[in-house]
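The values are calculated or read from the model by the stated rules, or taken from the named source; none is laboratory data. Source: prediction; values computed, not measured. Every residue, glycine among them, receives a Cβ derived from its backbone with ideal geometry; neighbour counts consider all protein chains shown. For accessibility, only protein heavy atoms count, side chains too; no ligands or nucleic acids. Shrake-Rupley method; radii C 1.70, N 1.55, O 1.52, S 1.80 Å.
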Amino acid sequence: MPQSLLATDGYKFSMAEAGWPLRKETFYYSHRKGGPQVMPLDLEAWVKALLPDPQPEDYAFLARHDYEMGVGFKAAILRKAQLSVRAIPRGSLFLPREPILTITGPSALVSWLEPMLLQLNYRVQVATQALQDREALARTLATVTCEEEKRIALETLDQVGVRAVSIQVDTEGYVRRVRAQVKELVDIVEDPSRIFEVGLRAATCLEQHELALRACQEAGVQRTSNVEGARVLGMIPVGTMGHEHVQRYGSDDAAYRAMHERRPQRSSYLLDTFDTLTSGIPAAFKLISEDPQGGDSIRFDSGNKKLQYLYAVTRARDLGIKPVIILEDGLDAQATREFEELRKQVGWEPTTQFYGYGGHIVARTMPHALTRDRVAAIYKLSCSGATPVMKFGNELAEGKQSVPGTPVLFRRRTGSGPLGLVGQAGEATPQGYFPLMDSAPSAPSLVGTEGLTPEEQRIGYTATTQALVESLTRRHFPQGR
């Protein structure tokens, strides 16, 4: 069944308007950790079933909330026939950091998919644990948050040929835990309007996220990145910029200016795509200095955020500007207390410092541990037009560098070397390997993986992919990192 056009994050709409919605782009999906895992789905069919069915009332809602969409977006979102999916087959085994799915098509459409696509991690974790230890899975899934989460788990067990387990649904318990979690945060910051919710990508399904949003509302929080949830519950949709927007433009300055100069609303500049201190903050502050009354904000997302925060506050005062500060990524109650204390120490006004929470609200309150963070599921832009792109992130944000180009996956059949090799579409298959994405489906199994050492689970890059990484690194960091 097609999804609502609004079943995505708000920043997908702002980035489309400040970008090139009809441009051909490639994104890839991967898990950064979690050990060997099994794919229970025919990914191409599953992805295509997620595609949106836009309605006039969807665009009317977006326009009422400062996300009026242009003709380019409206055309791109209908070009489903141009979508190309390349994926590992159903039943196959994959390893952390392997790109297991690439989607190529009109920018606005392939970008739109991200929040729903990331919910794939729950199905993968259920399938993998079911094949490893059904009894352990029965304990893990003894209680879930909603009927949809239960349905997905049972469907997944059927797909991998494992007998169903008993699953209870405790909606009230989940809502109660989320409400308590949010209330604690509100008590810390002393004003619910300083908090917004960004947890759609941390949820297992739309129904679970709606429950979390209802609990947020009850605790006084009224802003969410989930546009469909905002429509259903009468909340305010929010979001401006993600890493993909900066990757498209190839520099922080160009990306920030595109958002600032193509949308009349306030912008939030994401600082860490290349490097927060040497690139993100200088570019953002240069633009804010040109329009100091514009109300634009800066958003910290990875690395040593306290160091970044102190540098930003000091530099802003030197320049005589007062950007709004937004903190996200892994925040919990303790981190919020620390940043509130830091804010008071430096004398930053509470009305110009805001907090966004995702997994802390939505996932840590789940009755089981099968969360997105457990496997670090990602969906990243890797090629924009004919240009390979990648996210670098801060050096302290170890392991967040993404793969450029149009990645494909080779699996070792004979000989030695990494079990998985990340190559590029059209590249010749290396000796001793076979192209996993072109293989036939198999019966889901983890047999033979129990004894794999970390060294044997290692993945590598082909010479073509490595050359791409090195070329992009030199381009963005000519003096070295």
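What is the percent carbon and sulfur in the accessible area of region 235-391, measuring with a 1.4 Å probe over the protein chains and ignoring ligands?
Values: 2760 of 5660 Å².
Carbon-and-sulfur percentage of accessible area, whole number: 49.
Rank by packing, highest mean first: peptides 5-15, 173-183, with packing defined as the count of other Cβ atoms within 10 Å averaged across residues.
5-15, 173-183
So, in region 308-406, how many Lys pairs have Cα atoms under 20 Å apart, if the pair is 8 or more places apart or on different chains?
Qualifying lysine pairs in region 308-406: 4.
Just to confirm a number: summing +1 for Lys and Arg and -1 for Asp and Glu over residues other than G356 whose beta-carbon lies under 13 angstrom from that of G356, what do you get?
-1
Roughly what % of DSSP beta bridges within the chain run antiparallel, to the nearest 5?
60 percent
Note down the magnitude of the dipole of region 153-228 about its Cα centre, charges +1 on Lys and Arg C-beta and -1 on Asp and Glu C-beta and zero elsewhere, to the nearest 20 debye. Write out the running numbers ahead of the final one.
Details: 9 positive and 13 negative charges, 23 e Å.
Dipole about the Cα centre, nearest 20: 120 debye.
List the equivalent ellipsoid semi-axes of region 31-138 in whole Å, largest first, each obtained as the square root of 5λ for an eigenvalue λ of the Cα gyration tensor.
33, 15, 11
Can you give the FRET efficiency for R134 and T387, using 1/(1 + (r/R0)^6), R0 = 60 Å, r = Cβ-Cβ distance, to the nearest 0.05?
0.80
Post the alpha-carbon centroid distance, region 243-284 to region 353-429, in whole angstrom.
So the two Cα centres are separated by 21 Å.
Using Cα positions and a limit of under 14 Å, work out the aspartates and glutamates in reach of K24, with same-chain residues fewer than 8 apart set aside.
Reachable aspartates and glutamates: E244.
So how far apart, in nm, are the two label points at R262 and L307 if each is 7 Å from Cα heading toward Cβ?
Placing both labels 7 Å along Cα→Cβ, they lie 3.3 nm apart.
Toward the positive end of the charge dipole of region 141-217, about the Cα centre and with charges on Cβ (Lys, Arg +1; Asp, Glu -1), which of L211, Q181, T156 goes farthest?
T156
If the label point is 7 Å along Cα→Cβ of Q334, which residues in region 289-321 have backbone nitrogen under 17 Å from it?
In region 289-321, the label zone of Q334 (backbone N under 17 Å from the point 7 Å along Cα→Cβ) covers 304-306.
Give me the accessible area per residue for the chain, probe 1.4 Å, as a whole number in Å².
Dividing the accessible area of the chain by its residue count gives 39 Å².
Gap in Å between the Cα centre of region 455-480 and the Cα centre of region 96-149?
28 Å
Could you give the length gained on full extension between D42 and L233, defined as 0.36 nm per residue of separation minus the Cα-Cα distance, in nm? Provide the component values of the computation, followed by the final result.
Details: separation 191, 0.36 × 191 = 68.76 nm, distance 3.32 nm.
My answer for the length gained is 65.4 nm.
How far is it, in nm, from the label point at A254 to the one at K74 when both lie 7 Å from their Cα along the line to the Cβ?
Each label point lies 7 Å from its Cα, and together they span 2.9 nm.
Starting from the Cα coordinates of region 348-453, work out the convex hull volume and express it per residue in Å³.
Measuring per residue, one finds 226 Å³ for the Cα hull of region 348-453.
Per-residue counts of other Cβ atoms within 10 Å, averaged by peptide: what ranking do you get for 223-229, 44-50, highest first? Write down the numbers at each step before the final one.
Numbers: 223-229: 25.6, 44-50: 15.3.
So the order, starting with the most tightly packed, is 223-229, 44-50.
When the helices in the chain are scored as -39500 (n - 2.57) per DSSP H run of 4 or longer and the sum is shared across all residues, what 222 nm value do you end up with, to the nearest 500 deg cm²/dmol?
Roughly -11500 deg cm²/dmol at 222 nm, from the helical runs in the chain.
What is the extension gain from R458 to D318, computed as 0.36 nm multiplied by their sequence separation minus the C-alpha to C-alpha distance, in nm to one decimal?
Working: separation 140, 0.36 × 140 = 50.40 nm, distance 4.71 nm.
Fully extending the segment from R458 to D318 adds 45.7 nm.
In debye, nearest 20: dipole of the chain around its Cα centre with unit charges on the Cβ of K, R (+) and D, E (-)?
740 debye
Within the set of other residues whose C-beta is less than 14 Å from the C-beta of L118, count the net charge using Lys and Arg as +1 and Asp and Glu as -1. Don't skip to the answer; put the middle values down first.
Details: positive: K12, R32, R123, R201, R372, R374, K380; negative: D9, E114, E244, D373.
Overall, the nearby charge balance is +3.
Computed from the coordinates I sent, Rg and Dmax of the Cα atoms in Å equals one of (i) 22.0, 81; (ii) 24.3, 85; (iii) 22.0, 65. Tell me the label.
(iii)
How high is the FRET efficiency between R163 and F477 when r is their beta carbon distance and R₀ equals 30 Å, given to the nearest 0.05?
E(calc), rounded to 0.05, equals 0.05.
Scan region 348-442 for GluC sites (Glu not before Pro) in coil per DSSP, keeping those whose Cβ has at most 15 other Cβ atoms within 10 Å, and list them by number.
E395, E398
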